[in-house]
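Structure first, commentary second.
The values are calculated or read from the model by the stated rules, or taken from the named source; none is laboratory data. Because the structure is a prediction, the values reported are computed rather than measured. With ideal geometry, Cβ positions are generated from the backbone for all residues, glycine too; neighbour counts draw on all protein chains shown. Each accessible area value is taken on the protein alone, full model and side chains, heavy atoms only, with ligands, DNA and RNA left out. Shrake-Rupley method; radii C 1.70, N 1.55, O 1.52, S 1.80 Å.
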Amino acid sequence: MAKKIALLIGVSQYGEGIPSLSAALNDVAAMERVLQNPNLGGFEQVERLLNPDAIAMRTAIEKLFKEASRDDLVLFFFSGHGITNDEGHLYLTTRNTVKDYFKSTSVDANFIQQESKKLPC
């Protein structure tokens, strides 16, 4: 039977050179309320991840798509800073992202795209 599952990630604290975002955790809480409301989202499974490091964030994203079945409705929500490189490629920041080393301390948007492609067809 199809399920509605969501991963909500909010990052408000960062490493050197990146300003904090006070609204990110509130965004996650608001989205969770909407998704869990049976008259609105009706999601059975909603996982929150607040101020994760890069490893925890990648693991949660991989788990989201790995445990989903073909018929499930999967929602990934992120509230936080994004950084682009000179070619315009997006990286989602984590609590340990440092501005000068964002490629190694954030989550590459390609990672999310590749994981989503692993959903069974």
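When you go through ARG95, ARG48 one by one, which is the residue that is of a type in the set (Lys, Arg), open to solvent by 40 Å² or more (accessible area, probe 1.4 Å), within 25 Å of SER22 (Cβ to Cβ) and touching a helix residue (DSSP H, G or I) at 6+ places or on another chain (Cβ under 7 Å)?
None of the others qualify; the one that does is ARG48.
For region 72-92, give me each residue that is open to solvent by less than 60 Å² (accessible area, probe 1.4 Å) and either of a type in the set (Ser, Thr, Tyr) or over 16 Å from the mean Cα position of the chain (by Cα) (or both).
Once the filter is applied, which keeps residues that are open to solvent by less than 60 Å² (accessible area, probe 1.4 Å) and either of a type in the set (Ser, Thr, Tyr) or over 16 Å from the mean Cα position of the chain (by Cα) (or both), region 72-92 yields ASP72, SER79, ASN85, GLY88, HIS89, TYR91.
Quick one: is PHE43 farther than 21 Å from THR97 by Cβ, aromatic (Phe, Trp, Tyr) and either open to solvent by 30 Å² or more (accessible area, probe 1.4 Å) or touching a strand residue (DSSP E or B) at 6+ places or on another chain (Cβ under 7 Å) (or both)?
Spelling it out, PHE43 is indeed farther than 21 Å from THR97 by Cβ, aromatic (Phe, Trp, Tyr) and either open to solvent by 30 Å² or more (accessible area, probe 1.4 Å) or touching a strand residue (DSSP E or B) at 6+ places or on another chain (Cβ under 7 Å) (or both).
Matching residues to (1) within 21 Å of GLY10 (Cβ to Cβ); (2) touching a helix residue (DSSP H, G or I) at 6+ places or on another chain (Cβ under 8 Å); (3) modelled with pLDDT under 95; (4) among the polar types (S, T, N, Q):
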{"position": "LEU35", "(1), (2), (3), (4)": "yes, no, no, no"}
{"position": "PHE43", "(1), (2), (3), (4)": "yes, yes, no, no"}
{"position": "ILE61", "(1), (2), (3), (4)": "yes, yes, no, no"}
{"position": "SER69", "(1), (2), (3), (4)": "no, no, yes, yes"}
{"position": "SER106", "(1), (2), (3), (4)": "yes, yes, no, yes"}
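Test of understanding: among SER69, SER104, which residue is closer than 17 Å to GLU115 by Cβ and surrounded by fewer than 13 Cβ atoms within 10 Å (Cβ to Cβ)?
Numbers: SER104 fails: closer than 17 Å to GLU115 by Cβ.
Just one listed residue meets the conditions, SER69.
Between ILE61, ILE18, ILE5, which is out of contact with any Gly (no Cβ under 7 Å at 6 or more places or on another chain) and open to solvent by 20 Å² or more (accessible area, probe 1.4 Å)?
One residue alone meets the criteria, ILE18.
Kindly indicate whether GLY88 is within 18 Å of SER20 (Cα to Cα) and of a type in the set (Gly, Ala, Ser). Before you say what the answer is, go through the steps one by one.
On the way: within 18 Å of SER20 (Cα to Cα): no; of a type in the set (Gly, Ala, Ser): yes.
The answer is no for GLY88.
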